[in-house]
Structures are given as C-alpha cells and as structure tokens.
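Here's the structure, in structure tokens; my notes come after.
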Amino acid sequence: MAQLWGGRFTSATDRSAYEFNASSSFDKKMYREDIAGSIAHAKMLGKCGIIPADESEKIIEGLIKIREDLETDALHITDEYEDIHSFVESVLTSRIGDAGKKLHTGRSRNDQVALDMKLYTRNQIKLTDRGIFDLQKTLLGIIKNNTQTFMPGFTHLQKAQPVTLSHHMSAYFEMFIRDRERLDSIMNRMNTCPLGSGALAGTTYPLDREYTARLLLFDRGPTRNSMDSVSDRDYLIEFLSALSIIMMHLSRFCEEIIIWNSNDYGFVEIDDRYSTGSSIMPQKKNPDIAELVRGKTGRVYGSLMSLLTTMKGIPLAYDKDMQEDKEPAFDAMKTVTDCLREFNGMLSTMHFNNAVMEESAKQGFTNATDVADYLVKKGIPFRDAHSISGRLVLKAISLSTSLDGLSLSDYKEESEAFEEDIYEAISLRTCVEKRSTYGAPGIESMEKIIAYYDDYLKKGAEEYSDMQI
Ligand code: ARG
C-alpha cells in the first residue's frame, strides 16, 4: 500500500478500505496528463526560485524518463499505489532521491487531479471532433453522388413527400455540424488552468500561475477561484452531455439504416464486413453494428446521469465523491470514439439500392401535395385543392393505382382545371426539382449546400492534417 500521507496516523488503512478508496486501477489512464502537469509545475517552481533550479531540472528529467519507461513497457503502474499521482511521485523519489519529495511543493492532489482530468478531457474532445469530421467526409461523398437519387421522405414513418438521398444525408450532416460546434464551445469555456489552486485555498508560495497555464496551453490563463477550480466538473458534464447528443444522432441514423436494411424496405444493404450471421438461421445477415451503436446510447446517457447525480450534493470544495467522475466518463469517451469509427466504416461501405428507393418514392402518393399545388397555380384556393387531391388519392386507392396512373378523365371528374400537363407536374423529378427554396431537396438548392459543406470541411482538413491518433 503506497500512500503519500500517514504522518498523523497510528495504524494502517484497513486492506479492503484501502482498495475501496484507491483509484490507480482506472486513473492510470491519465499518466501522460499527470506527468505533463508535474513537468509544468516543476518548471515553474524552479523559475520562481521556490525550489533550486538544479533540483527542478532533475525532477523534470526524472519525469520524462518515467513517461518513456511507461510508454516502452519498462515500467508498470500497479495497484499497490493509491492513485496515479502517488505512483508518479513515489517512483520519482525512489529514482532521484530527495529532490523528488519537493515536486509537490505548493500543490495538492486536488488541483492536480482537476488539471489531469481537464487535460484528458481536452484531448478526448479533439478525438471526438476528429471522429465526427471523418464521418462528415464520408457523408459528403454520399451527398455529392446522390443529388438525383430520389427516395421517399417520411413523417410518422409514413411516406410524405419525395426527397433525395443527398438531402436526407445532409440532415445528418447538419446534426454533426452542431455537435462539433458544441464541442468547440465546451473547449473554449474550459480553457482555464486549475493548477496552483492547492487543496482549496491557493498556496502561500509565490507561484506563477500564468506561467503554468501558458506551458499547458490554457489560452484563457489560470482559473479565478481556487475553491471552484478544485471542485468544478462542469466541463465534464457538458462534454458528457455533448457525447449523449452525438449518440442520440448516431442512434437515430442507425435506426433508419436498420429499417432501410430490412427485407421489406431493401433501400440499402450493409456490407458483409459490417454484418453478422445467425447461429441457427443460415439465411440471416443482421445489422449488429448499427444495433450496437443504438444500444450503446443508453450507456453514454447513463454516464451523464451518473456524474450529474454524483455532483449534485457536494459541498465546496473537493470531496472524494468526485473520484466517481472517472470510470463513467472514460467509458463514455471511449464508447463514442469507438461508435463513430465503426459507424463510419459501416456507412462508407454500405450499398444504396437507388432503384428500390426511387420505386418506393413513386408509391404511397408522395406527390399528392403536388397535385394540390398544381390546382393552386390554376387559381383554386389551397384548402379546396387539398380536398380534391385527397379525393383523387381515394380514387387511385380504389383502382389500385398511383396518382400518375389515373386517366385525365379521372382527374377532370374532380376538377375541370386539370390538363394533360398534370402528369409532368407530378412526376418524381418535377416534384423534387420544384422544391428549390434554400434548404430544400431541389437539385440546385442542394448544390449551394454542397458548396457550403466543401468550404466547411476545409477547416477541419487543415487542422487534422498532422494529428496523431
Ligand atoms: N483519486 C482522487 C480523485 O480522483 C485524487 C484526488 C485525491 N484528493 C484527496 N484529497 N484525497 O479525485
């Protein structure tokens, strides 16, 4: 049992209480962040003359070596350490001697863990953003290739009006734009450094907090209140909330893909690489990946609820309850990056059955609104036109045909305003092309949106050209 405290204790912690309290088994994930924070702190202590410059250098070299050894598997984080902070400090001291004991001058594990968690989250936000960016690239490819792929648009899961595959996919592209904007705003709000806040009330040493904030790339400088700094997990709750919304979007998308991939729809076929079979039914090819992404949404929502609940009754400042932020948060972060990657793989290899979608758009009277609009152009009030079109739908149902299948005399029985040009006016192509308002599926309006997306993705492409993941 390796602890950083013990002076005021007369007996050791009960073994199982120790294990119950320890966090190294899961906070070891943050070793890079912990070491980065310690390096910045040691640099600042040396620069401010709080510890001798040569000892500051020794500490920094020691920390760099520990990081190297962990990365090359020459050193392992074992459960005998209470947490990642105890591990790094203990190993450092055992390696460099007394100088190692000075690292924690003017610092508490409370500001240390607040910093580690912020650094870890910052990195995860970037990884999530990258995952969405990659998915948007796939989506834009589909959008560009399908401005003339007609399909039914639905409301209430009933065929409503014809749209294009391009337009349908662009709805998801928009959701993912908002997701990335949310991540960006969280990143901006959390861009302050808690290091130097001490346990809760700052320290008596002349720390240069501006300096450590700069070293750790917190653009908005140090946090302004030491009590808030050590007990703030708002940014994490915001991130979990943004992750939940991303999952909600992916889940809706998955739900549609599952429906489209079903035998009766046949709009798409998920590639073999992203499908699974049944152990008993030889004919089956199941959309497991889509179902799993949909299923994992509950798990991510759970993490958000868990942290919100953990935080709701905590008096200022730090309380150990806050250690409970890590496992659900780490789980949610990994779940979402995994889901984004697998979903993207599934989408980019998925086959769209354009002919089936187009045939489906022709069924179900998706052009009934256009019949009414035709009459409106001939001077008939919309409400009357709506009713005439409805009667024509009834007539088509009774004759087992579509609106295009009715004869001109069928039309004229309902209104003398109908002419031969009704057929052209309600063809699938016309129905889509006439929808030319900004944001509508019409081919020309879609071209404008595509140009916007091209421009939008350029920014991410520059940012991610050299990102290591
Ligand atoms: N493992 C702790 C956590 O995750 C680190 C901070 C410990 N601080 C303390 N005062 N016990 O929150």
Original post:
Is it the case that region 208-230 has a residue that's in contact with a Pro (Cβ under 7 Å, 6 or more places away or on another chain), β-branched (V, I, T) and within 16 Å of the ligand (Cβ to nearest atom)?
Top reply: yes
Original post:
If you take the residues of region 8-46 that are more than 15 Å from the ligand (Cβ to nearest atom) and over 20 Å from C193 (Cα atoms), which of them is farthest from the chain's Cα centre (by Cα)?
Top reply: T10
Original post:
Among the numbered criteria (1) over 30 Å from F133 (Cα atoms); (2) crowded, with 19+ Cβ neighbours inside 10 Å, which single criterion is violated by T203?
Top reply: (2)
**OP:** Please state which one of Y205, Y120 is hydroxyl-bearing (S, T, Y), more than 16 Å from the ligand (Cβ to nearest atom) and modelled with pLDDT of 95 or more.
**Re:** Y205
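Residue-wise test of (1) in contact (Cβ under 8 Å) with a residue 24 or more places away in the chain; (2) more than 14 Å from the ligand (Cβ to nearest atom).
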{"residue": "V268", "(1), (2)": "yes, yes"}
{"residue": "D271", "(1), (2)": "yes, yes"}
{"residue": "K285", "(1), (2)": "no, yes"}
{"residue": "S303", "(1), (2)": "yes, yes"}
{"residue": "Y318", "(1), (2)": "yes, no"}
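For the condition under 29 Å from S402 (Cα atoms) and at pLDDT 95 or above, what is the one hit in D454, D421?
Details: D454 fails: under 29 Å from S402 (Cα atoms).
Checking each option against the conditions leaves just D421.
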Original post:
Can you find a residue in region 93-108 that is closer than 18 Å to A199 by Cβ, within 16 Å of the ligand (Cβ to nearest atom) and aliphatic (A, V, I, L, M)?
Top reply: yes
**OP:** Kindly indicate whether S90 is touching a residue at least 24 places away in the same chain (Cβ under 8 Å) and within 13 Å of the ligand (Cβ to nearest atom).
**Re:** no
Subject >> Residue count for region 320-343, restricted to those that are among the polar types (S, T, N, Q) and away from the ligand (no atom under 15 Å from the Cβ) >> reply: 2
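To keep it simple, each residue is scored yes or no on (1) in contact (Cβ under 8 Å) with a residue 12 or more places away in the chain; (2) outside any helix (DSSP H, G or I).
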{"site": "A417", "(1), (2)": "yes, yes"}
{"site": "T430", "(1), (2)": "yes, no"}
{"site": "G439", "(1), (2)": "no, yes"}
{"site": "M446", "(1), (2)": "yes, no"}
{"site": "Y452", "(1), (2)": "no, no"}
{"site": "K458", "(1), (2)": "no, no"}
Original post:
Any residue in region 52-63 that is touching a residue at least 12 places away in the same chain (Cβ under 8 Å) and touching an Asp or Glu at 6+ places or on another chain (Cβ under 8 Å)?
Top reply: no
Original post:
Of the residues that sit in region 413-448 and are over 18 Å from A396 (Cα atoms) and among the β-branched types (V, I, T), which one is surrounded by the fewest Cβ atoms within 10 Å (Cβ to Cβ)?
Top reply: T437
Subject >> Residue check for L140: touching a helix residue (DSSP H, G or I) at 6+ places or on another chain (Cβ under 6 Å), crowded, with 17+ Cβ neighbours inside 10 Å, within 30 Å of R107 (Cα to Cα) and not acidic (D, E) >> reply: no
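Each row is one residue, and each column tells you yes or no for (1) under 30 Å from K312 (Cβ atoms); (2) hydrophobic (A, V, I, L, M, F, W, C); (3) within 43 Å of the chain's Cα centre (by Cα).
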| residue | (1), (2), (3) |
| --- | --- |
| P328 | yes, no, yes |
| L347 | no, yes, yes |
| F352 | no, yes, yes |
| V371 | no, yes, yes |
| L399 | no, yes, no |
| S402 | no, no, yes |
| S415 | no, no, no |
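Within region 333-351, is even one residue within 30 Å of Q112 (Cα to Cα) and exposed (fewer than 15 other Cβ atoms within 10 Å of the Cβ)? Spell out how you get there, then give the answer.
Within region 333-351, the subset within 30 Å of Q112 (Cα to Cα) is 333-338.
Pick out the ones that are also exposed (fewer than 15 other Cβ atoms within 10 Å of the Cβ) and you get 334, 338.
Yes.
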Subject >> First in region 389-407 and surrounded by 11 or more Cβ atoms within 10 Å (Cβ to Cβ), second anywhere and modelled with pLDDT of 95 or more and among the acidic types (D, E), Cβ under 7 Å, 6 or more apart >> reply: R391/E414; L392/E414; K395/D410
Subject >> Any hit, region 75-85, residues being surrounded by fewer than 18 Cβ atoms within 10 Å (Cβ to Cβ), without any contact (Cβ under 8 Å) to a residue 60 or more places away in the chain, away from the ligand (no atom under 14 Å from the Cβ) and of a type in the set (D, E) >> reply: no
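Given the criteria among the acidic types (D, E), farther than 25 Å from M227 by Cα and crowded, with 17+ Cβ neighbours inside 10 Å, does E256 qualify?
On the way: among the acidic types (D, E): yes; farther than 25 Å from M227 by Cα: yes; crowded, with 17+ Cβ neighbours inside 10 Å: yes.
Criteria met by E256.
The values are calculated or read from the model by the stated rules, or taken from the named source; none is laboratory data. Please read these numbers as outputs of a predicted model, since none were measured by experiment. All Cβ positions, even for glycine, are placed from backbone atoms using ideal geometry, and neighbour counts span all protein chains on display.
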